[in-house]
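As structure tokens, the structure follows; a few thoughts come after it.
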Amino acid sequence: MVPILRSLARVGRMLPKIYGKPNYPIRLLSSTKPLRSPTSSILEFDEDVELFRSVVSRFNADVVAPRVEKMDEEEHIDPIIISSLFEMGLMAVETPEEYGGAGASFTAAVAIVEELAKCDPSVSVLNDVHNTLVNTCVRKWGSDYIKETYLPPLATGKLGAFALSEPSAGSDAFALRTRARKLSDGDFVIEGGKMWITNGAEAEIFVVFANADPEKGYRGITAFVVEKPWGVNVVKKEKKLGIRASSTAVLSFDEVHVPKQNVLGVYGQGYKIAIECLNEGRIGIAAQMTGLAQGAFDRAVSYAFKDRQQFGKYIGEFQGMQFQIAQIASEIEAARLLLYNAARIKEAGGQFVKEAAMAKLIASQVAERTASKAVEWMGGVGFTRDEKVEKFYRDAKIGAIYEGTSNIQLQTIAKLIQKSYV
């Protein structure tokens, strides 16, 4: 039996343990043959991806949805959600089975992020950063020692964080002031601080970028795998407009001793790791924003066609509303097509930087428009916290900011277009 089938079987076994017997069948796949036919949509996926979607949909309904409001108010993700994500195998989607992962595809990882965001973007980004940034870094650039030491705990219970940004190193990601001083025995001591670190408050394993040779500029940047007990301190959690349950932390490193075997990749080439990971991570953010848009749309359109009546008919039956609904539905579909196009190219080993930037740019714009319209469509009810659409509205704004602002995406796209013409 191939690894993905074994992993999905494990997911199926975990569901009853986490929240009772499912009301739909969890089955082993007879094959991983693609669903596509010459007449089918390009958004039809292999059966393993579809089963992941169905599992996450059930998880959203039974575990996440009842906790969304409280988590948003308390600005904290319920630990049962994090532990359940690990138990279900959703925190090591691409990690090989030999390290405790699912051994699934990048498309599966993206689909999980999108599905989680339909319910709570805070849970979605926790999963996304852990999978597409932290696990990817360790899996792609880690030595045998690093992979054997860190992939199993990252697959089974220890949350990861990607520590790159600093107060003066946001869009200019390589203006790092955090330093890694090399000792005579080859080990390092890291000193400095980081800001805007997603998962920072709960994480136990960090991918940290520090400049080990400042005289060389960005070519001195080196990546390290650092464990929290070594001296990673959470200075504070930011209080944010949206995705409040997701921790965004300020970290400090005070004489953090890091063994030389914890250098990730090649010394002095951490900037390459950061660039490649962020390019891939942008696809994850596009998935989050697409899922968010779909979640807001589903709730508001359901309200328009099933709940709210004016002048003797449901408000969704008025032509003015129908035109708006049709426009937003088309935009969400366009964002989703850009998203999975970028994922497909990445998975096939092609050059996907422009496509990833386009997907993130458009998905974040669509998420904002959709969430805004959803609030309007629901009127006064949509403006209250009794409904989830106002939360989607707050959550959507971050899509234009993290993992590269919209202006950075536009700049990236324009440069690559220019390169193809000159």
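Based on this model, can you work out whether residue 304 counts as touching a residue at least 40 places away in the same chain (Cβ under 8 Å) and surrounded by fewer than 24 Cβ atoms within 10 Å (Cβ to Cβ)? Criteria met by residue 304. Residues of segment 112-124 include at least one that is within 20 Å of residue 290 (Cβ to Cβ), in a helix (DSSP H, G or I) and touching a Phe, Trp or Tyr at 6+ places or on another chain (Cβ under 6 Å).
When segment 394-421 is examined, which residues are found to be surrounded by fewer than 24 Cβ atoms within 10 Å (Cβ to Cβ) and closer than 27 Å to residue 320 by Cβ? Scanning segment 394-421 gives 394, 397.
What do you reckon, is residue 68 out of contact with any Ser or Thr (no Cβ under 7 Å at 6 or more places or on another chain), crowded, with 23+ Cβ neighbours inside 10 Å and of a type in the set (A, V, I, L, M, F, W, C)? For residue 68, the condition - out of contact with any Ser or Thr (no Cβ under 7 Å at 6 or more places or on another chain), crowded, with 23+ Cβ neighbours inside 10 Å and of a type in the set (A, V, I, L, M, F, W, C) - is not met.
Suppose the filter is touching a strand residue (DSSP E or B) at 6+ places or on another chain (Cβ under 7 Å) and of a type in the set (A, V, I, L, M, F, W, C); does residue 305 pass it? Yes; evaluated as a whole, the condition is true for this residue. Only one entry in 109, 102, 155 is touching a Pro at 6+ places or on another chain (Cβ under 8 Å) and under 25 Å from residue 291 (Cβ atoms), namely 102. Residues of segment 126-161 that are closer than 17 Å to residue 89 by Cβ and among the charged types (D, E, K, R): 128, 139, 158.
Taken together, 390, 333, 376 contain a single residue that is free of Cβ contacts under 8 Å to residues at least 40 places away in the same chain, among the charged types (D, E, K, R) and buried (at least 17 other Cβ atoms within 10 Å of the Cβ), which is 390.
Counting only strands (runs of 3 or more DSSP E) that fall entirely inside segment 173-236 and contain at least 3 residues that are surrounded by 21 or more Cβ atoms within 10 Å (Cβ to Cβ), the qualifying elements are 188-198, 205-211, 221-227. Given the criteria touching a Gly at 6+ places or on another chain (Cβ under 6 Å), closer than 27 Å to residue 406 by Cβ and either modelled with pLDDT of 95 or more or among the aromatic types (Phe, Trp, Tyr) (or both), does residue 241 qualify? Considered against the rule, which asks whether it is touching a Gly at 6+ places or on another chain (Cβ under 6 Å), closer than 27 Å to residue 406 by Cβ and either modelled with pLDDT of 95 or more or among the aromatic types (Phe, Trp, Tyr) (or both), residue 241 comes out as no. Condition check: closer than 20 Å to residue 299 by Cα, at pLDDT below 95 and out of contact with any strand residue (DSSP E or B) (no Cβ under 7 Å at 6 or more places or on another chain). Does residue 388 satisfy that? When the stated conditions are applied, residue 388 passes them. A search for C-beta distances below 6 Å between a residue of segment 140-153 that is closer than 24 Å to residue 346 by Cα and any residue that is charged (D, E, K, R) and surrounded by 17 or more Cβ atoms within 10 Å (Cβ to Cβ), counting only pairs 6+ apart in sequence or on different chains, returns nothing. Residues in segment 74-103 that are more than 16 Å from the chain's Cα centre (by Cα) and not acidic (Asp, Glu): 76, 79, 80, 83, 84, 88, 96, 99, 100, 101, 102, 103. Residue 381 - would you say it is crowded, with 19+ Cβ neighbours inside 10 Å, over 20 Å from residue 286 (Cβ atoms) and of a type in the set (Val, Ile, Thr)? In short, no.
Selection over segment 195-220 of residues that are in contact with a Leu (Cβ under 6 Å, 6 or more places away or on another chain) and either among the hydroxyl-bearing types (Ser, Thr, Tyr) or farther than 19 Å from residue 135 by Cβ (or both) gives a count of 1. When residues in segment 260-314 are screened for being under 23 Å from residue 329 (Cβ atoms), part of a helix (DSSP H, G or I) and not small (Gly, Ala, Ser), 14 of them pass. Scanning segment 71-92 for residues that are touching a residue at least 40 places away in the same chain (Cβ under 8 Å) and among the β-branched types (Val, Ile, Thr) yields 77, 81, 82. I need the full set of residues from segment 89-111 which are in a helix (DSSP H, G or I) and out of contact with any Leu (no Cβ under 8 Å at 6 or more places or on another chain), in order please. Matches in segment 89-111: 97, 98, 106, 107, 108, 109, 111.
The values are calculated or read from the model by the stated rules, or taken from the named source; none is laboratory data. On a predicted model such as this, the values are computed, not experimentally measured, just so you know. Neighbour counts are summed over all protein chains in view; Cβ atoms, including those assigned to glycine, are modelled from backbone coordinates with ideal geometry.
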